[in-house]
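To keep things clear, I will list the structure first and then write my remarks on it.
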Amino acid sequence: MLPVRHGDGAQDLNALLRVGARDVIVDLSHPVSLARELDFHRAQPQHFGAPAATSQPYRTPGFSGSVATGASCNCEVISVIPHCNGTHTESAGHLTREPLDAERVVPSGLLPALLLSVVPVAASDVSETSDLAAQTAFAPQALIIRSARAPTLPYLSRDAAQAIVQHGIEHLVVDLPSLDREHDEGRLTAHRVFFGLAPGDSSLQQVRRPAATVTELALIPESLTDGPCLLELQIPAWRGDAVPSRPLLYALLEPAVGLPQTGQPESRRDRRNCGAIGGNPGGIGGIAEQSAGSGASPKRSLAHRSVAQAERRQMGLAETVLRG
Ligand SMILES: [Zn+2]
């Protein structure tokens with residue numbers, strides 16, 4: 001087998017970026033793909049009872065579509081249902097009569113993002129509130145939710161979806177097949193809240209958040225640590241309300257030590273904590289304080305901060321964002 005580069009970009013390519021009022025150093029060499037690999041010839045996601053995605057040689061008279069059977073080159077016909085067969089990104093067009101192509105909505109380039117792990121809880125065990133912790137110094141546009149395993153498929157509660165909207169999140173990435181319950185009689189409550197579409201409405205004109213996107217069926221490695229990061233949503237230039245996607249997560253490196261930070265005066269704490277995209281933890285991300293006594297700053301560090309259980313509880317969202 002030939003060695004092939006998989007995942008990593010050019011080596012030692014780091015960038016100093018200004019995100020809002022903060023300078024951060026981003027590791028551009030090692031983006032982490034949050035996409036599931038789709039192997040057409042093995043087990044694959046088939047949510048909502050969908051058929052498997054397929055890939056077959058394109059056959060015409062005189063051409064078998066496969067080098068293995070005598071053709072001059074390989075050429076496949078692919079059949080896929082983006083919503084059901086793998087990682088995909090969708091727009092509000094998922095719910096409207098008029099088309100809204102995800103391709104038109106998905107922003108190019110890097111997005112300030114936040115990775116957050118949550119623990120599903122039984123719907124009967126929570127009375128939802130949107131009582132989140134107050135302020136966050138950094139304003140992520142994208143939220144990546146990694147859900148712990150649960151006996152049944154978790155989904156977002158209405159309150160959680162509302163809280164996410166209230167915190168200005170435009171792009172939501174989840175490792176679930178859907179924001180909503182698999183069978184919810186077509187209500188798609190969390191989708192509607194997130195895209196800003198009232199129950200029963202199906203006109204594009206009625207969509208209040210047409211720039212929002214949802215990415216489902218992502219695969220979020222355990223190795224990633226909760227915290228601020230940058231996200232890039234990569235998609236093909238296909239029409240449709242949903243397209244296969246490859247979300248790339250870029251970790252933040254050391255703080256831009258020694259570099260003047262714009263905005264707030266730099267403090268020692270900012271430096272030590274990397275302050276990555278924001279010094280002051282809290283808010284939706286519940287970005288926790290730097291764990292005490294962690295003298296050695298790990299390098300590729302989403303890990304500059306650890307989200308303590310107590311802080312998680314305090315912020316509400318983490319505990320109740322998903323219902324099993
Ligand atoms: Zn979908």
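The values are calculated or read from the model by the stated rules, or taken from the named source; none is laboratory data. Everything numeric here is computed off the predicted structure, so don't read it as measured data. Glycine also receives a Cβ, built like all others from the backbone with ideal geometry; neighbour counts cover every protein chain displayed.
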So, in region 68-83, of the ones that are away from the ligand (no atom under 16 Å from the Cβ) and in a loop (DSSP other than H, G, I, E, B), which residue ends up nearest to the chain's Cα centre (by Cα)?
C75
Hey, among G65, G86, which residue is within 16 Å of the ligand (Cβ to nearest atom), surrounded by 15 or more Cβ atoms within 10 Å (Cβ to Cβ), modelled with pLDDT of 95 or more and of a type outside the set (S, T, N, Q)?
G86
Between a first residue in region 177-188 that is free of Cβ contacts under 8 Å to residues at least 24 places away in the same chain and under 16 Å from P199 (Cα atoms) and a second residue that is buried (at least 17 other Cβ atoms within 10 Å of the Cβ) and charged (D, E, K, R), which pairs have beta carbons less than 9 Å apart while being 6 or more apart in sequence or on different chains?
R187/D180; R187/R181
I'd like to know if region 118-141 contains one or more residues that are aliphatic (A, V, I, L, M), within 19 Å of F194 (Cβ to Cβ), buried (at least 23 other Cβ atoms within 10 Å of the Cβ) and modelled with pLDDT of 85 or more.
no
Consider V257 carefully, then state whether it is modelled with pLDDT of 95 or more and either under 26 Å from R22 (Cβ atoms) or within 16 Å of the ligand (Cβ to nearest atom) (or both).
no
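Results for (1) of a type in the set (S, T, Y); (2) more than 21 Å from L179 (Cα to Cα), shown as yes or no for each residue.
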{"site": "D8", "(1), (2)": "no, yes"}
{"site": "L13", "(1), (2)": "no, yes"}
{"site": "L28", "(1), (2)": "no, yes"}
{"site": "V32", "(1), (2)": "no, yes"}
{"site": "D39", "(1), (2)": "no, yes"}
{"site": "S55", "(1), (2)": "yes, yes"}
{"site": "R59", "(1), (2)": "no, yes"}
{"site": "H83", "(1), (2)": "no, no"}
{"site": "D101", "(1), (2)": "no, no"}
Say whether the condition of being in contact with a Leu (Cβ under 7 Å, 6 or more places away or on another chain) and touching a residue at least 24 places away in the same chain (Cβ under 8 Å) is met by at least one residue in region 61-82.
no
If I ask for residues that are in contact with a helix residue (DSSP H, G or I) (Cβ under 9 Å, 6 or more places away or on another chain), within 16 Å of the ligand (Cβ to nearest atom) and either modelled with pLDDT under 95 or on the phi > 0 side of the Ramachandran plot (or both), which ones from region 185-230 would you list?
L188, L217
So how many residues does region 236-252 have that are over 20 Å from L17 (Cα atoms) and within 13 Å of the chain's Cα centre (by Cα)?
2
Selected residue (only one of E232, E222 is free of Cβ contacts under 8 Å to residues at least 60 places away in the same chain, surrounded by fewer than 22 Cβ atoms within 10 Å (Cβ to Cβ) and acidic (D, E)):
E222
Index of the failed condition, L197 passing every other in (1) surrounded by fewer than 23 Cβ atoms within 10 Å (Cβ to Cβ); (2) over 22 Å from V119 (Cα atoms)
(1)
Picking from L188, L179, the residue that is hydrophobic (A, V, I, L, M, F, W, C), within 26 Å of L219 (Cα to Cα) and within 18 Å of the chain's Cα centre (by Cα) would be L179
Every residue from region 89-127 that is under 16 Å from the mean Cα position of the chain (by Cα) and away from the ligand (no atom under 16 Å from the Cβ):
P107, S108, G109, L110, L111, P112, A113, L114, L115, L116, S117, V118
